[in-house]
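Shown next, in structure tokens, is the structure this report addresses.
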Amino acid sequence: MKLRMVGCHHRHASVAVRERLAFNNNQAEAALVSWREAYPDTEAVLLSTCNRVELYAAAEGQHLPPCSKSLAEHLAYFHQVPIDELQPTLVTLDDDEVVHHLFRVAASLDSMVVGEPQILAQVKKSYELARGIGSTGPLTHQFFQAALRTARRVAGETPLHRHRVSIPSIAIADFASRIFERFDDKMVLVVGAGEMAEESLRYLVDAGARNLQIANRNLRRAQVLAEKWHGTPVAWDHLYERLVEADVVISTTGADQPIVTLEAYRKYVAPRRHQRPLFILDLAVPRDFEPTIGNYLETYLYSIDDLANTCNQNRQARQTALPAAEKIVSQETLNFLAEARYRTTVPVVAELQDGFRRTKQDELDRLFRKVPNLEDRDRQEIEQFADRLIAKFLHPPLESLRDISRQGSPRQLVESLRRLFQLKE
Amino acid sequence: MASGVNIFCFTACYFAAWMLELAGLTARYGWHRLVMLAFAGAGSAAQLWYLIDRARQTPAAPLATTFDWCLLAAWILAIVYLGLVFYSPGTSIGLFLLPLILLLIGAAQFASQVPLAARQASQFWGVVHGVTLLLGTVTVCLGFLSGSMYLIQSHRLRKAIPPLVSFRLPSLEWLDWVNSRALRWSALTMGAGLLSGVILTHMQHQTDPDYRLWTDPVVLSLAAMLVWLITAEIFRLVYPAARQGRKVAYLTLAAFVFLVFMLFSITVLDTVHGSKSHENEAALPRMGVSV
């Protein structure tokens, strides 16, 4: 088995570098197609996310994957980035290291936010894309399937993914979903159009929200965000009216004073809501909603500080789950490598078994010729005896091959078997 | 009992399920829910068997005596519990619902086993009376349950307490839905129960000039509860702010207080509906038809 990976990720490369190397779906397709043309005997998968761009190459049998320089050049050439600029930020891994790395990546142990669940889907999507183009093969198939299996094991056997750590995800999954049973019939009002607003929108849409209204002082920005998320832009003058109708409010403006004061809420919003439950997530600093608004019945107001404690608790809980997750990754890496090494011995094993079978058959034919009066039942008994004898003879060398494969390369033992039993190269 | 199933069997099962719910607050294992379900399922099956056995022995059961009536209400709540465990797995509903089931079984221990048939005059109105009050009791219990959980969930959300794997409650929206419907159905069924009871009493005591219906503590507590439920429902319909949320929760909690008093009247006080003290009247000749 020969595996190689070249790429950059958040620990070694800045956002600026990752942005220059990032591939969208179409670009990844084009890059893999050109790869296949350049290296038809090598399998390849390209993983490109916000935090990493990694090109995995694999070769089986007599072939070797291209050298790390070729891989790096392929990445750089596609984006017309001088290779010298990239070189210091690129990471190269081979064989065992590649396996361990991808398993950690898929299990989200190498993510910027450890335990974030999106990476598993991204790894799967990258593999599916490569498979669709035809740049994968048996080795990458087994490799990526094992990575996905490892990630699922980590998710199922450790509490790593149960603890959310981003404020919007905690707010939606741990608080808003305890107020509302469903979000598809709720009105979501997003005040502000920044990054946090967008992240919150993503979680809300994932939770099923459909009626999205975006209010911003700059209506144009509201329109852009609304267009992106299939929502409705709201003019700033209609903010209070929408607050009356809203069920969920996410506020992320950069205002230096509260945009909704207690007085305004008491006067324009609260009386018309008739104590209908309202979830307000105030992500702005300084805050957009006066904190005393949260004292109103059925108004659940959360600021960043309110959720920071939960966030920290979850981070700590994830840290405690890390050793168990790393252990699973190590186990799966060892198993995968042992299996991969054992697979390299398959031709020798097959040859050995064939040789024994041929000898057995010759000897049986000779015996049956010498003793022609044997009944069918006796013949069968003798044949079974010979099969059992061969199986017992072969068992120790095959077990030794498996044991050696668990510890490292079985090449020496394979050579010894070839010489001992005079097997062909 | 001839079947070998007695009250202890299913009470112990429900109690074990409740203990497992309580233990789940500190630690939950993979088998936890399965064992809890097994106990609750075994309890409800045993209780059903017990009720069937009672019905075989007493043809008018399971509504013939206040004893059977309490057990039947407990069994319906046990079925509701099993349904909710499947509908909303992982929530701690059993923590609240199982004690109510045990409370009703406990109330049955103090209730009379003298057939109410001796006091009833019409099979039709007797059945209507028994069934509507049974459904009313169940809906008031469910209202109390959802109201309590609503207030706890709301309190935890206000204090920004993160959810725990060991203690999860349904969403406020779902609890509110159950709560408001429980209040409405309680008013309807309890109203029908009181009305049928009045008709029944009128038929039975029309020739008895000394009988005073409104001196019976059960009738009084039921009437008070009904007045409360109707007022609460009107309040809810007229005042928009009381249509959902905390206010409905408080209304259903108050309704439960009336129910507890009614159960106390049925089981402990010496009333026309029968208490332990009436058991010596079991030998009275049967009048009319059974319920």
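Worth pointing out:
- Antiparallel %, DSSP beta bridges [both residues in the protein assembly as shown], to 5: 45 percent
- Once you divide the Cα radius of gyration of segment A:384-425 by 2.2 N^0.38 Å, the number left is 1.31.
- For the residues of B:163-175, the average number of beta carbons from a partner chain within 10 Å of their own beta carbon is 3.
- Averaged over the residues of peptide A:172-182, the number of Cβ atoms from other protein chains lying within 10 Å of each residue's Cβ is 5.
- Kirkwood Rh and Cα Rg combined as Rg over Rh, evaluated for chain A: 1.18
- Chain A: angle of helix A:346-370 to the longest principal axis, Cα-based, in degrees nearest 10: 30 degrees
- Diffusion constant of segment B:120-277 at 4 °C, which comes from Stokes-Einstein with the Kirkwood Cα-pair radius and 1.567 mPa s, µm²/s: 77 µm²/s
- Distance between segment A:165-190 and segment B:65-138 - C-alpha centres, whole angstrom: 37 Å
- Over segment A:1-63: Kirkwood hydrodynamic radius from C-alpha pairwise inverse distances, Å: 12.5 Å
- Using only the C-alpha atoms, the convex hull of segment A:2-157 corresponds to 98 Å³ per residue.
- Segment A:167-310: radius of gyration and largest Cα-Cα distance (Dmax), Å: 13.6, 36
- A convex hull fitted to the Cα coordinates of segment A:127-203 yields 161 cubic angstrom per residue.
- Equivalent-ellipsoid semi-axes for segment B:16-91 (Cα gyration tensor, √(5λ), whole Å, largest first): 30, 11, 10.
- Over segment B:1-56, the hull volume per residue, using the convex hull of the C-alpha atoms, is 55 Å³.
- Computed per residue of chain A from DSSP H runs no shorter than four, each worth -39500 (n - 2.57), the mean residue ellipticity at 222 nm is -17500 deg cm²/dmol.
- Mean shadow area of segment A:345-420 over all directions, Cα convex hull, nm²: 5.6 nm²
- For A:297-305, mean number of other protein chain Cβ atoms within 10 Å: 3
- Shape category assigned to segment B:35-166 from the gyration tensor of Cα positions, a/c cut at 1.5: prolate
- Partners of A:K392 within straight-line reach, counting aspartates and glutamates whose Cα lies under 20 Å from its Cα and excluding those fewer than 8 residues away in the same chain: A:E351, A:D354, A:D362, A:E363, A:E381, A:E383, A:D403.
- Debye equation applied to the C-alpha atoms of segment A:226-322, log10 I(q)/I(0) at 0.13, 0.17, 0.23 Å⁻¹: -0.53, -0.81, -1.23
- Measuring max minus min along each principal axis, the C-alpha atoms of the protein assembly as shown give extents of 117, 94, 35 Å (largest first).
- DSSP-assigned coil residues among trypsin sites (Lys or Arg not before Pro) in segment B:63-168, each with at most 10 further Cβ atoms within 10 Å: B:K159
- At 0.890 mPa s and 25 °C, Stokes D of segment A:65-137 from Kirkwood alpha-carbon radius, µm² per second: 173 µm²/s
- 28 Å Cα-Cα reach of A:K228 towards lysines, excluding residues that sit fewer than 8 places from it in its own chain: A:K124, A:K125, A:K186
- Debye log10 I(q)/I(0) at q = 0.15, 0.18, 0.23 Å⁻¹ for segment A:319-381, Cα point scatterers: -0.68, -0.79, -0.94
- Within the listed set A:K370, A:K360, A:K392, the Gaussian network model of chain A (springs between alpha-carbon atoms below 10 Å) gives the highest mean-square fluctuation for A:K370.
- With all projection directions averaged, the alpha carbon convex hull of segment A:102-145 covers 2.9 nm².
- Folded to 0 to 90 degrees: helix A:68-79 orientation relative to chain A principal axis, Cα: 40 degrees
- Whole-Hz ³J(HN,Hα) from phi, Karplus 6.51 cos²θ - 1.76 cosθ + 1.60, for segment A:415-424, glycine and proline x: 4, 4, 4, 4, 6, 4, 9, 6, 8, 6
Taken together, the values in this text are just the output of simple stated rules run on the coordinates, not laboratory data. If you're wondering where the values come from, they're calculated on a predicted model, not measured in any experiment. Methodologically, a virtual Cβ is constructed for each residue, glycine included, from the backbone with ideal geometry; neighbour enumeration extends over all protein chains shown.
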